[in-house]
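Q: Sharing a structure below in structure tokens format, with a few things to ask.
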Amino acid sequence: MSVVDVCTAAVAALPVSGAGLSAMSRIAASHPLYSTDDISEQLEELQLTLGEGPCVDAFVRGSAILTPDLLTTELQDHWAVCERPSCRAMRSCVISQKKRM
């Protein structure tokens, strides 16, 4: 199964409008692998650039992060990435999960 297949299946199976997948490492540069749409791509890139967000937290903690609404004040205070226009454009669920490859 390719990264395209994983992201496409996530959009089909979950109540989300887009999905993205990034490769993260403690010893090498992290980078986005695939996104199903422009907003998901922007969110993946912002998280990796700023070093914060649900994807980064899932990687660091080693557990799933569920954020039902990126626009809550609590999340905007916790992650600056949630203040960005790309997050304001959506009110959807983000599920980030660390997977070992």
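Q: Those residues that are surrounded by 14 or more Cβ atoms within 10 Å (Cβ to Cβ) and either of a type outside the set (D, E, K, R) or touching an Asp or Glu at 6+ places or on another chain (Cβ under 7 Å) (or both), I need them from region 46-59; list them, please.
A: Residues satisfying the conditions are 46, 47, 48, 53, 54, 55, 56, 58, 59.
Q: Another question, then. Only one of 40, 2 is modelled with pLDDT of 90 or more and among the hydroxyl-bearing types (Ser, Thr, Tyr). Can you tell me which?
A: 2
Q: Taking interchain pairs and intrachain pairs at least six residues apart, which have beta carbon atoms under 6 angstrom, with the first residue in region 1-18 and under 16 Å from residue 43 (Cβ atoms) and assigned to a helix (DSSP H, G or I) and the second open to solvent by less than 40 Å² (accessible area, probe 1.4 Å) and not acidic (Asp, Glu)?
A: Partner pairs satisfying both residue conditions: 7/19; 10/19; 11/19.
Q: Of a type in the set (Gly, Ala, Ser), within 22 Å of residue 62 (Cα to Cα), open to solvent by less than 70 Å² (accessible area, probe 1.4 Å) and more than 12 Å from the chain's Cα centre (by Cα) - does that describe any residue in region 30-39?
A: yes
The values are calculated or read from the model by the stated rules, or taken from the named source; none is laboratory data. Here the structure is a predicted model, which is why all the values come from computation and not from measurement. Positions of Cβ are generated from backbone atoms using ideal geometry, with glycine treated the same way; all protein chains shown enter the neighbour counts. Remember, those area values only see protein heavy atoms, side chains included, never the ligands or the DNA or RNA. Shrake-Rupley method; radii C 1.70, N 1.55, O 1.52, S 1.80 Å.
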